Amino acid sequence: MCDSQRRSVCYLQAYQGSMSKHTMASESVIQTEFKFTGYGKNYVKLLYLRRDGDIHFVKELEVSTELTLNNVKDYTHGDNSDIIATDSQKNTVYVMAKQHGVKSAERFALLLCEHFLRKYRHVTRAKVYIEEAPWKRMEIGGQQHVHAFLLSHEAKHVCEVEQYRDERPTIWTALSGMKVMKTTQSAFKNFVSDEFRTLPDADDRLFCTIVQCKWWYNTSAVNFERAWEGVKSIILEIFAGPADRGEYSPSVQNTLYLTAQKVLEKMPEVEKVYINLPNVHYFGVDYNRFPKIDFVRNDDNVYMPTDKPSGNINATIARKPKSRL
């Protein structure tokens, strides 16, 4: 063997030795553990139709499931023997809907969680998230139609149920995407005035927002459909006030607080409320920029809608724990 060949072999042996030491050191230093695992099927769409004589009822849902198992051998060893396939989870959604019907999105989510935990002993956690399409009965000549429906994007109804084995389920419902506006009786003034402030006090302004409200239940013994409508009604009532005279709002924050307080006061089954009320701004058009045009003076106004940037106000308000003597 020539000298150059000997040097090449020595270099290779030295490199392999250093790599082996590095690998051994890495294996001895790097230790990992699973903090969380979950897998499931997203966006399972179904339409449930119930016929009660001539009167028909529909529920259109988009269901996402997620399970956690009591082992991680599928991750660490590629052993799939405990996996309930996501396709099987999808099929379960359709089978449960056929066998038990869909009374409400929340009740159906509870049913699915209970099924997964009861049927598969190695499942330690089940979570089901549902979005409901907002179908409403058509009104023809002032009368509700028996089998015709209109998709109304007034507000989105979503919910989630998460349950661990041998524990009570955690249930929340949310209302989102509900855009509301009132054209008077909204103010914002007496806020911090420093070198960064340019916004003037507003004694009377447009108030527009896109409501997101999420609430958690302290029981599963709930009429969920009625609860969703109840929260929605409270939001509108506090925002708008009486139909003939309205209600003054000194700030978005105050309106948010009064809404959450009313929900907790009127609905004992609700434990905690989160509300997000972004400001949707409408700025008045400045017609002083058109000095050559003679505008007829009247009480009509023209505004320019803007979506970005926007103020964002949110809070989570919960019942205080009862003091223990």
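So for each of 144-151, 83-90 I average, over its residues, the number of other beta carbons within 10 Å; can you give me the resulting order with the highest mean first?
Ranked by mean Cβ neighbours within 10 Å, highest first: 83-90, 144-151.
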What percent does the relative contact order of segment 253-316 come to when contacts are Cα pairs within less than 8 Å and at least six residues apart?
-> 45 percent
Among Lys35, Lys232, Lys156, residue whose mean-square fluctuation peaks in a GNM of the chain (springs only between Cα atoms under 10 Å) = Lys35
Within 10 Å, count the other beta carbons around each residue, average over each peptide in 282-293, 202-213, and list them highest first.
-> 202-213, 282-293
Cα Rg, Dmax (largest Cα-Cα span) when computed across the chain, Å = 29.4, 105
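What number, in percent, do you get for the relative contact order of segment 99-167 if the mean sequence gap of Cα pairs under 8 Å and at least 6 apart is divided by its residue count?
37 percent
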Note: Leu49 to Ile30 extended length (0.36 nm per residue) minus current alpha-carbon separation gives 1.4 nm
Compute the relative contact order of the chain as a whole-number percentage, counting only Cα pairs closer than 8 Å that sit 6 or more residues apart in sequence.
-> 11 percent
In order through segment 81-98: 3J(HN,Hα) via Karplus (6.51 cos²θ - 1.76 cosθ + 1.60), integer Hz, x for Gly, Pro | 5, 9, 6, 8, 3, 4, 5, 5, 5, 4, 4, 4, 4, 5, 5, 5, 5, 5
What fraction, in whole percent, of alpha-carbon pairs in segment 188-325 exceed 26 Å separation?
-> 41 percent
Given H placed 1.01 Å from N in the peptide plane, which residues other than close sequence neighbours of Glu271 have an amide H under 5 Å from its amide H?
-> Trp216, Tyr217, Asn218
Counting Lys and Arg as +1 and Asp and Glu as -1, each charge on the Cβ, what is the dipole of the chain about the Cα centre in debye, to the nearest 20?
-> 820 debye
Provide the solvent-accessible area of Asp54, counting protein heavy atoms only and rolling a 1.4 Å probe, rounded to the nearest 10 Å².
-> 120 Å²
Where Rh is the Kirkwood radius over the Cα pairs of segment 50-118, the temperature 37 °C and the viscosity 0.692 mPa s, what D in µm²/s does Stokes-Einstein return?
-> 233 µm²/s
Quote to one decimal, in nm, the extra length available between Asn312 and Trp135 on full extension: 0.36 nm per residue of separation minus the C-alpha distance between them.
-> 60.8 nm
Would you grab the residues whose amide H sits under 5 Å from the one on Ser251? Only those 5+ places off in sequence or on another chain, please, with H modelled 1.01 Å from N.
-> Ala187
Considering only protein heavy atoms, what is the solvent-accessible area of Thr259 at a probe of 1.4 Å, reported in Å² to the nearest 10?
-> 10 Å²
Compute the FRET efficiency between Thr170 and Leu199 as 1/(1 + (r/R0)^6), taking r as their Cβ-Cβ distance and R0 = 45 Å, and round to the nearest 0.05.
-> 0.65
Rounded to the nearest 500, what is the 222 nm mean residue ellipticity of the chain from helices alone, with -39500 (n - 2.57) per DSSP H run of 4+ residues and division by all residues?
-> -9500 deg cm²/dmol
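The values are calculated or read from the model by the stated rules, or taken from the named source; none is laboratory data. All values derive from a computational prediction rather than experimental measurement. Note that each Cβ is placed from the backbone with ideal geometry, even for glycine, and that neighbours are counted across all protein chains shown. What goes into the accessible areas is simple: the full protein's heavy atoms, side chains included, and nothing from ligands, DNA or RNA. Shrake-Rupley method; radii C 1.70, N 1.55, O 1.52, S 1.80 Å.
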